[in-house]
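Input: a single structure, listed below in structure tokens.
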Amino acid sequence: MSQAQDGAQAQDGARLLIVGPQGSGKGTQGVRIAEVVGVPAISTGDMFRAAISGGTELGEKVKAIIEAGDLVPDAVTSEVVSERLSQDDAAEGFLLDGYPRNLAQVSDLDAFLSGRGEQLDAVIELSVPRGESIDRLTRRAFEQGRTDDTEDVIANRLAIYERETAPILDVYRERGIVDVIDGVGSLDEITERIVAALGARGLIRTAAA
Ligand code: AMP
């Protein structure tokens, strides 16, 4: 839970990004961490899926792309994210899940944030062995029936992750903001690891000491 603000002049929340291969548990951990830090969790995948099920124009545009496990064009994605980040609840912090996903999107996000005098505070890299992510994705396909969780599409998404998304971590590593977190363990253990890493950066004010 987020702790009560201390009443001091707009103490900033944290601006966070969680990155990991599909099946790493980033969605679940993202929501948990956002709650601890007291910022909105913003998942591009969730926004696209909501647009598809709502039958919106955006949903129509991205449906086939998502079903194939390909990336939605950068211009479309970055526009969706900048609109979302412009909402009031993201003014003092946010946790991004699934964006940026390639180097072009890193540039888009940098441009957007620097226009507001902001930058990312930390990037959580959830590290999970390939076999484990595939097992988890296959299980999720069975449980949730996601249309992009079929075997071929999973393979495509993991290949895209390695080719396009993993390189963004090098950029953030150079900035010294990446925390690599072991993503194998119970949900609570993994959350605790992330909270500890963010705490070490001074990004979480823990009341329960
Ligand atoms: P996710 O739930 O994060 O795995 O996202 C599901 C799907 O949404 C991905 O396989 C892509 O097709 C699309 N998607 C989500 N985020 C992005 C992004 N940042 N750039 C392009 N496509 C995205």
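What to note about this one:
- Test result for ARG116, touching a Ser or Thr at 6+ places or on another chain (Cβ under 7 Å) and either at positive phi or assigned to a loop (DSSP other than H, G, I, E, B) (or both): no
- Evaluation of ASP148 against the conditions (1) out of contact with any Gly (no Cβ under 6 Å at 6 or more places or on another chain); (2) part of a loop (DSSP other than H, G, I, E, B); (3) closer than 19 Å to ALA68 by Cβ shows that the sole unmet condition is (1).
- With respect to the conditions (1) touching a residue at least 40 places away in the same chain (Cβ under 8 Å); (2) over 26 Å from THR150 (Cβ atoms); (3) assigned to a helix (DSSP H, G or I), GLY45 falls short on a single one, namely (2).
- Answer residue from segment 32-45, given it is in contact with an Asp or Glu (Cβ under 8 Å, 6 or more places away or on another chain) and not polar (S, T, N, Q) and is nearest to the ligand (Cβ to nearest atom) among those: GLY45
- Taking first residues from segment 131-153 that are more than 20 Å from SER53 (Cβ to Cβ) and partners that are among the β-branched types (Val, Ile, Thr) and surrounded by fewer than 16 Cβ atoms within 10 Å (Cβ to Cβ), the Cβ contacts under 7 Å between residues at least 6 apart in sequence or on separate chains come to GLU132/VAL184.
- For segment 163-195, filtering for residues that are touching a residue at least 60 places away in the same chain (Cβ under 8 Å) and either of a type outside the set (S, T, N, Q) or assigned to a loop (DSSP other than H, G, I, E, B) (or both) leaves 11.
- Pick from segment 55-110, criterion basic (Lys, Arg) and within 16 Å of the chain's Cα centre (by Cα), ranking: farthest from the ligand (Cβ to nearest atom): ARG84
- First in segment 56-82 and in contact (Cβ under 8 Å) with a residue 40 or more places away in the chain, second anywhere and more than 7 Å from the ligand (Cβ to nearest atom), Cβ under 6 Å, 6 or more apart: GLU67/THR147; GLY69/VAL153; GLY69/ASN156
- Restricting segment 119-143 to residues that are assigned to a helix (DSSP H, G or I) and of a type in the set (Asp, Glu), the residue that is surrounded by the fewest Cβ atoms within 10 Å (Cβ to Cβ): GLU143
- Unmet requirement for ALA104, which otherwise passes all of (1) assigned to a helix (DSSP H, G or I); (2) touching a residue at least 40 places away in the same chain (Cβ under 8 Å): (2)
- Residue-level analysis places ALA4 outside the set of residues that are at pLDDT below 95, more than 16 Å from the chain's Cα centre (by Cα), within 16 Å of the ligand (Cβ to nearest atom) and not charged (D, E, K, R).
- Flag for ARG146 being surrounded by 13 or more Cβ atoms within 10 Å (Cβ to Cβ) and either among the β-branched types (Val, Ile, Thr) or at pLDDT 95 or above (or both): no
The values are calculated or read from the model by the stated rules, or taken from the named source; none is laboratory data. Just so it is clear, the structure is predicted and the values come from calculations on it, not from any experiment. Heads up, the Cβs are rebuilt from the backbone with ideal geometry, glycines too, and the neighbour counts pull from every protein chain shown.
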